[in-house]
Each structure stands twice: as structure tokens, then as C-alpha cells.
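The structure's right below; bear with me while I get my questions together.
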Amino acid sequence: MSGENSGSMEHGNSASPVVSPVIVKLIGSFERTIDSKSRIGLPHQFREKLGDSPLILIRWMNRSLAIFPECNWQPLAEAISRLELYTQEGLAVRRQMFANAREVSLDKEGRVIIPQDMVEYAQLDGKVIVSGDWDKVTVWNHANFLEQTAEDDLALNEKFPSLLSVAKGRKSWEAFEKEMAQSRAAKPESDGSA
């Protein structure tokens, strides 16, 4: 992946290279069905962008799955491989990401076969949501996706303007975290006096 490093980004005390994903603009959410053979058809928009790229399927956040084009997975995998081997957190992240990762591919009809252990992890049955997440595709149990989206809406209503300032470089991540901590500390006072 030569030529992709464009500098470094500070987060905490460690510097990590900033790597631009090769395949991007995987956007939109689509209802799909997982069939009896654990196959899910990806939307045409995603298949077009993914092309013949090798794919990596992993367990993801909130009981979802993520399908990364290998070119986008590689920088993340390299960063994870540098995590501290002698801490519980470092080992847990490495185990979750690498032990559960699978190489998958699309069949000629644009479907991906989800291994049974991942079907169970993500509680996939019947209707599912296939959602673009810029550099990857996520796969969700339909009800879990709707519930998570509702939670995200509530959480982001108050945080979105500040997060946008961080994304645009107008505010540091540390300033954002401090602002959120102050907001959380102030809430019990206002909730208790009502």
C-alpha cells in the first residue's frame, strides 16, 4: 500500500499513519433478505464499487457485521496488529478482529455467503439491512438496525454540531471529549431539579 501515507494523526499519546481508503463512497441503506443458504445480495451500487476486490468479513460493532474491501481492511489490520500485546484490551481487540475475520467473495449474482457463526452473532434471520459506511458495508438484523438508528438519532442530536466541528478541523478531539464530559456532568443537576 505504498504512497498512501499522508502524514500522521495524533490520538492520545500514539501517532498512527493516516491512510486513505482506496474504495470509498459506499453509502445508503437497503433492505435485503438472508436466504436459507446464508446468502445476502449486495445492492448494485455496492457491487459496482467493490468490483472484483477481495473482501474481508468481520464481526463489527453493536452485533453487526462489516464487509471491507481488502484494500481498505489492510490499513486497519496493520494498525490493530501494532496494538500492545501485553494488555487485556490490546489482546481482546486483536482476537475480535483477527480470529473472527473471514475472506469472502461475491458470487456471480452479487451475493455474499455469511458463515453460520457470524449469522448467529449478528442475529441475521429473514429481513436484514445492508448499509454503506463509506469505506465498508455493514450488515444488520433489521430490528437491531432500526433500534440502533433510533439510539444514534437521540445521541447525535446534541453532539452533531460539535462532531462536525471536529471533522472539519475546527475543534480538537480532546476539546470535544471535554465538552461532552461537561455536558454529562451538568445533566444530573438539571434532571434532579425538575
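Local charge sum around Leu83 (other residues, Cβ-Cβ under 11 Å, Lys/Arg +1, Asp/Glu -1)?
That works out to 0.
In region 26-128, which chymotrypsin sites (Phe, Trp or Tyr not before Pro) fall in coil by DSSP and have 15 or fewer other Cβ atoms within 10 Å?
Tyr86
Also, I was wondering about something else. Divide by every residue of the chain the summed helix terms, -39500 (n - 2.57) for each DSSP H run of at least 4, and state the resulting mean residue ellipticity at 222 nm, rounded to the nearest 500 deg cm²/dmol.
Using -39500 (n - 2.57) per qualifying helix, the result is -12500 deg cm²/dmol.
Right, here's the next one. Hey, of (i) 61, 47, 30; (ii) 46, 44, 35; (iii) 57, 46, 34, which did the structure itself give for Cα extents along the principal axes in Å when calculated?
Derived directly from the coordinates: (iii).
What is the local net charge at Glu147, summed over the other residues whose Cβ is closer than 13 Å to its Cβ (Lys, Arg +1; Asp, Glu -1)?
With Lys, Arg at +1 and Asp, Glu at -1, the neighbours total -2.
Would you mind checking Lys136/Lys171; Lys49/Lys159; Lys159/Lys187 for any pair whose Cα atoms are more than 20 angstrom apart?
Lys136/Lys171; Lys49/Lys159
Give me the extension gain from Ile80 to Glu147: residue separation times 0.36 nm, minus the current Cα-Cα distance, reported in nm with one decimal.
Length gained between Ile80 and Glu147: 21.2 nm.
Under 18 Å Cα to Cα from Lys37, which lysines show up? Leave out anything in the same chain fewer than 8 places away.
Result set, ordered by chain and number: Lys108, Lys127.
If I build a Gaussian network model for the chain, linking alpha-carbon pairs within less than 10 angstrom, which residue out of Gly28, Gly90, Gly41 has the largest mean-square fluctuation?
Between Gly28, Gly90, Gly41, it is Gly90 that shows the largest mean-square fluctuation.
Okay, next question. In region 19-59, what trypsin sites (Lys or Arg not before Pro) fall in a loop by DSSP, with at most 15 other Cβ atoms inside 10 Å?
For trypsin sites (Lys or Arg not before Pro) across region 19-59 that sit outside H, G, I, E and B with at most 15 neighbouring Cβ atoms in 10 Å, the list reads Lys25, Lys37.
How about region 113-194: which trypsin sites (Lys or Arg not before Pro) there are in a DSSP loop, with at most 10 other Cβ atoms within 10 Å of their Cβ?
Lys168, Arg170
What figure, in Å² to the nearest 10, do you get for the accessible area of Asp35 with a 1.4 Å probe and non-protein molecules left out?
Per-residue accessible area (Asp35): approximately 50 Å².
Let me ask something else about it. Which aspartates and glutamates, on any chain, are close to Lys25 with Cα under 20 Å apart, when same-chain ones fewer than 8 places away are left out?
Of all the aspartates and glutamates, those that pass the test against Lys25 - Cα under 20 Å, at least 8 places apart if same chain - are Glu4, Glu48, Asp52, Glu70, Asp133, Asp135.
The values are calculated or read from the model by the stated rules, or taken from the named source; none is laboratory data. Just so we're clear, the structure is a prediction, and the values are computed from it rather than from any experiment. Cβ sites come from the backbone with ideal geometry, for glycine too, and all protein chains shown count toward neighbours. The protein model used for the area step is the full one, side chains on, heavy atoms only, and it has no ligands, DNA or RNA in it. Shrake-Rupley method; radii C 1.70, N 1.55, O 1.52, S 1.80 Å.
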